[in-house]
Number of protein chains: 2
Amino acid sequence: MTGASRARQGGAMIPLPPPMRRALDAAAEAARAGEVPVGAVVMRGDSVIAVAANSPRALHDPTAHAEMLAIRAAAAALGDDRLQDCDLWVTLEPCAMCAGAIAHARLRRLFYAASDPKGGAVEHGPRLFAQPTCHHRPDVYPAIGEAEAARLLRDFFAARR
Amino acid sequence: MTGASRARQGGAMIPLPPPMRRALDAAAEAARAGEVPVGAVVMRGDSVIAVAANSPRALHDPTAHAEMLAIRAAAAALGDDRLQDCDLWVTLEPCAMCAGAIAHARLRRLFYAASDPKGGAVEHGPRLFAQPTCHHRPDVYPAIGEAEAARLLRDFFAARR
């Protein structure tokens with residue numbers, strides 16, 4: 001069952017920008033694999049460059065957050081370690097590691113869904129892009145698809161309690 | 001020419017803990033490949049689990065800092081996304097991305113050589129391990145092999161000006 005069909009089954013189908021729809025579907029895929037449900041997409045204009053699901057357990061890789069995998073796949077696909085004309089869409093506020101990677105990759109815009117008061121590093125904790133030493137700040141657009149992203153996370157952790 | 005022989009040629013040979021010697025040699029290797037000279041080693045007790053040189057340009061990967069590559073290689077080698085009984089040795093103060101990865105990997109101790117007032121995130125900028133939301137803090141030992149690490153960086157950037 002895709003994230004889209006789950007949202008439909010849940011009742012109100014909220015129209016979302018297609019990249020966030022793809023990111024939410026990747027998050028649902030992560031949940032089915034037993035990983036914390038977070039998904040990410042790198043876009044260049046209207047083209048999908050990379051889609052990734054959070055996979056640290058399956059890959060035995062503590063850095064394998066959805067954002068990191070999507071950034072790495074996009075950079076590999078474009079043959080460049082900078083993604084200056086690309087945007088990142090992710091279902092959860094990035095942590096410090098991922099926000100740092102977003103700055104290193106010079107991503108133009110960051111769109112995210114749910115806030116993360118515990119682990120987020122954009123509007124919470126170190127607020128990395130507001131640090132004076134931050135060398136690149138993407139334009140940030142939060143709360144796009146927030147309800148569905150938060151529900152995926154809530155359901156995932158509830159099922160594990 | 002290895003980093004060790006360069007240090008000897010330079011005059012005073014400062015004895016260093018073997019893991020930092022390995023990390024400095026990896027940093028020199030990065031410089032020879034045209035990458036910013038930073039090297040990292042993951043140890044478990046006296047065993048070297050992974051050694052890596054900074055390689056974002058060669059790998060077309062903005063996340064390919066020495067620390068990230070060493071952490072990923074160590075986690076893959078041990079088949080675990082946590083490196084709880086491991087230590088990281090790195091020639092430069094980690095940035096926010098790498099400090100975040102160190103916390104995610106649950107590394108026990110962090111040893112580093114040169115400080116990085118511009119990009120560092122341990123004793124500078126966001127001081128990530130001092131943030132209230134930081135979920136794991138390694139024991140931190142700075143300034144081990146600092147002079148040689150700083151010289152490698154200085155020589156690298158001087159040659160590029």
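Observations on the structure shown:
- Flag if A:A101 is more than 12 Å from the chain's Cα centre (by Cα), crowded, with 24+ Cβ neighbours inside 10 Å and within 14 Å of another protein chain (Cβ to nearest Cβ): yes
- Of the numbered criteria (1) crowded, with 24+ Cβ neighbours inside 10 Å; (2) assigned to a helix (DSSP H, G or I); (3) of a type in the set (A, V, I, L, M, F, W, C); (4) more than 8 Å from chain A (Cβ to nearest Cβ), the one B:A77 fails is (1).
- Entry remark, region B:120-144: residues being crowded, with 24+ Cβ neighbours inside 10 Å and more than 7 Å from chain A (Cβ to nearest Cβ) number 3 in total.
- B:V42 being in a strand (DSSP E or B) and surrounded by fewer than 24 Cβ atoms within 10 Å (Cβ to Cβ): no
- A residue that is in contact with a helix residue (DSSP H, G or I) (Cβ under 9 Å, 6 or more places away or on another chain), within 8 Å of chain B (Cβ to nearest Cβ) and touching a residue at least 40 places away in the same chain (Cβ under 8 Å) can be found somewhere in region A:82-89.
- Residues of region B:44-68 satisfying the condition of being within 12 Å of the chain's Cα centre (by Cα) and either at pLDDT below 95 or over 21 Å from B:A150 (Cα atoms) (or both): B:A50
- Annotation: B:L110 fulfils all but one of (1) in a loop (DSSP other than H, G, I, E, B); (2) without any contact (Cβ under 8 Å) to a residue 40 or more places away in the chain; (3) more than 13 Å from A:A96 (Cβ to Cβ); (4) of a type in the set (A, V, I, L, M); the unmet one is (1).
- So B:P117, is it over 18 Å from B:H135 (Cβ atoms), free of Cβ contacts under 8 Å to residues at least 24 places away in the same chain and more than 7 Å from chain A (Cβ to nearest Cβ): yes
- With respect to being more than 8 Å from chain B (Cβ to nearest Cβ) and under 13 Å from the mean Cα position of the chain (by Cα), A:E93 fits the description.
- Scanning region A:46-73 for residues that are free of Cβ contacts under 8 Å to residues at least 24 places away in the same chain and among the small types (G, A, S), we see that the one that is farthest from the other protein chains (Cβ to nearest Cβ) is A:S47.
The values are calculated or read from the model by the stated rules, or taken from the named source; none is laboratory data. Computed from a predicted model, the values in this text were never measured in an experiment. Using ideal geometry, Cβ is built from the backbone for each residue, glycine included, and neighbour counts are taken over all protein chains shown.
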